[in-house]
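Below: one structure, written as structure tokens.
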Amino acid sequence: MTQELQNTSTGTLLKDLKMLLMKGELPEHEFSRYSEIISTLHHLNPQQEYKEEIQEMRKQFPAIGSDMIMQGLAFVKKHGYAGDYEIIDKIYTNWHSDHPEFRTWDKYFHSQVAPQAVRNRKTFFKELLLEISKENQNERIHVLNLASGPCRDILEFFDETNDLRFHFTCVELDPNAIAYAKNILGDYVSQVTFIQQNIFRFVPTEQYDLVWSAGLFDYFDDNTFTKILARFKNQKHVIIGNFSDANPTGGYMELIGEWYLNYRSAGKLRLLAKDAGYKKEHIRIMHEPTEVNLFLSIKQ
Ligand SMILES: C[S@@+](CC[C@H](N)C(=O)[O-])C[C@H]1O[C@@H](n2cnc3c(N)ncnc32)[C@H](O)[C@@H]1O
């Protein structure tokens, strides 16, 4: 550590972090201490001048550097990008390492608000589909899912309802995500059409009962957000998920996971929808119970 950094409170916090990591495990009574160190570091030093020190710690301590552990997997990005199908499905299924020490860190990871919000959005989507199924007498209900990832949500929906009137068209860029989803969907795979394509190139050619997207638009800048959203102007109902700017887990995601999102408030989402050409009276903002995953709903 440089002398300059050593003499600051950032230096003290880095030493505290190292001490925690040296213990190997993170018992529950240390959860709040770990959170405090991370959030104070993030707050005190938003330029992350301590990046090199953290990088050194990653080499030394598997807790923050190994992809065998949730927070390490977030950082390593073994599929080449943040928020891949593997980490998202491990969040959905509450995956914990078998290794007793790693397990304690995974317990911490899953107790954070952001992973809770991700699990809640799966429930939110399934409840939405259930509502549509109750309101709809049609023989076929067609949902367009943009950036579908692991499709755990679709699998659970079919398992829970067996409503085979539903057909999903999933646009997904990563072929490995599609292969993974096809595998977990089992027999329900016949209810799903996969289009392996970059969303930037996708233009809908039919009308769907619902257009859904979670975990995609929060990676877009505002221009891209409005440009892509505007392509769905002829659709009946569009719902776009975006993490809120009030995400209490943001510092942890950025410092430990190097996982960056474009956080947006409800007001900002309304504004972007208006910029994309939608009418004010058709726009509504919804959320899951933690209020961290917001949903821009446009029903026309
Ligand atoms: C955070 S995951 C969300 C998965 C799913 N929507 C969910 O909520 O469970 C993001 C997914 O978006 C896909 N993706 C990222 N950029 C994309 C793009 N430009 N076009 C299509 N898919 C994309 C990734 O491959 C990944 O599977």
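The values are calculated or read from the model by the stated rules, or taken from the named source; none is laboratory data. Keep in mind it's a predicted model, so treat the numbers as computed, not measured. Every residue, glycine among them, receives a Cβ derived from its backbone with ideal geometry; neighbour counts consider all protein chains shown.
From the residues in segment 24-59 that are in contact with a helix residue (DSSP H, G or I) (Cβ under 8 Å, 6 or more places away or on another chain) and without any contact (Cβ under 8 Å) to a residue 12 or more places away in the chain, which one is surrounded by the most Cβ atoms within 10 Å (Cβ to Cβ)?
Across segment 24-59, the extreme among qualifying residues is 30.
Can you name the residue in segment 240-264 that is more than 18 Å from residue 290 (Cα to Cα) and of a type in the set (A, V, I, L, M, F, W, C) and is also surrounded by the fewest Cβ atoms within 10 Å (Cβ to Cβ) among such residues?
Among residues in segment 240-264 that are more than 18 Å from residue 290 (Cα to Cα) and of a type in the set (A, V, I, L, M, F, W, C), the one surrounded by the fewest Cβ atoms within 10 Å (Cβ to Cβ) is 259.
In segment 221-235, which residues are surrounded by fewer than 18 Cβ atoms within 10 Å (Cβ to Cβ) and either within 22 Å of the chain's Cα centre (by Cα) or assigned to a loop (DSSP other than H, G, I, E, B) (or both)?
221, 222, 223, 224, 227, 233, 234
Here is a list of conditions, (1) touching a residue at least 12 places away in the same chain (Cβ under 8 Å); (2) surrounded by 13 or more Cβ atoms within 10 Å (Cβ to Cβ), and residue 189 meets all of them except one; can you say which number that is?
With (1) touching a residue at least 12 places away in the same chain (Cβ under 8 Å); (2) surrounded by 13 or more Cβ atoms within 10 Å (Cβ to Cβ) applied to residue 189, the lone miss is (1).
Could you pull out the residue among 124, 109, 157 that is closer than 30 Å to residue 54 by Cα and of a type in the set (Phe, Trp, Tyr)?
Exactly one residue qualifies, and that residue is 109.
Return the residues of segment 70-90 that are away from the ligand (no atom under 13 Å from the Cβ) and in contact (Cβ under 8 Å) with a residue 40 or more places away in the chain; say none if nothing qualifies.
Result: 70, 71, 75.
Touching a strand residue (DSSP E or B) at 6+ places or on another chain (Cβ under 6 Å), assigned by TED's automatic domain parsing to the domain that holds residue 248, modelled with pLDDT of 95 or more and within 15 Å of the ligand (Cβ to nearest atom): which single residue out of 165, 152, 121 fits that description?
Of 165, 152, 121, the one residue that is touching a strand residue (DSSP E or B) at 6+ places or on another chain (Cβ under 6 Å), assigned by TED's automatic domain parsing to the domain that holds residue 248, modelled with pLDDT of 95 or more and within 15 Å of the ligand (Cβ to nearest atom) is 121.
Give, as residue ranges, the helices (runs of 4 or more DSSP H) completely inside segment 50-167 that count at least 3 residues that are more than 19 Å from the chain's Cα centre (by Cα).
51-60, 62-65, 100-111, 113-135, 152-161
How many of the residues in segment 172-212 are within 8 Å of the ligand (Cβ to nearest atom) and farther than 18 Å from residue 234 by Cα?
Looking only at that region, the number is 6.
Got a sec? Which of 241, 215 is assigned by TED's automatic domain parsing to the domain that holds residue 122, within 13 Å of the ligand (Cβ to nearest atom) and in contact with a Gly (Cβ under 6 Å, 6 or more places away or on another chain)?
Exactly one residue qualifies, and that residue is 215.
Could you run through segment 281-300 and say how many residues are charged (D, E, K, R) and in a strand (DSSP E or B)?
2
Would you be able to say whether some residue in segment 106-118 is under 24 Å from residue 204 (Cβ atoms), of a type outside the set (Gly, Ala, Ser), within 12 Å of the ligand (Cβ to nearest atom) and touching a residue at least 12 places away in the same chain (Cβ under 8 Å)?
Among the residues of segment 106-118, not one is under 24 Å from residue 204 (Cβ atoms), of a type outside the set (Gly, Ala, Ser), within 12 Å of the ligand (Cβ to nearest atom) and touching a residue at least 12 places away in the same chain (Cβ under 8 Å), which makes the answer no.
Take the residues of segment 183-219 that are of a type in the set (S, T, N, Q) and in a loop (DSSP other than H, G, I, E, B): which is modelled with the lowest pLDDT?
Taking the candidates together, the pick is 205.
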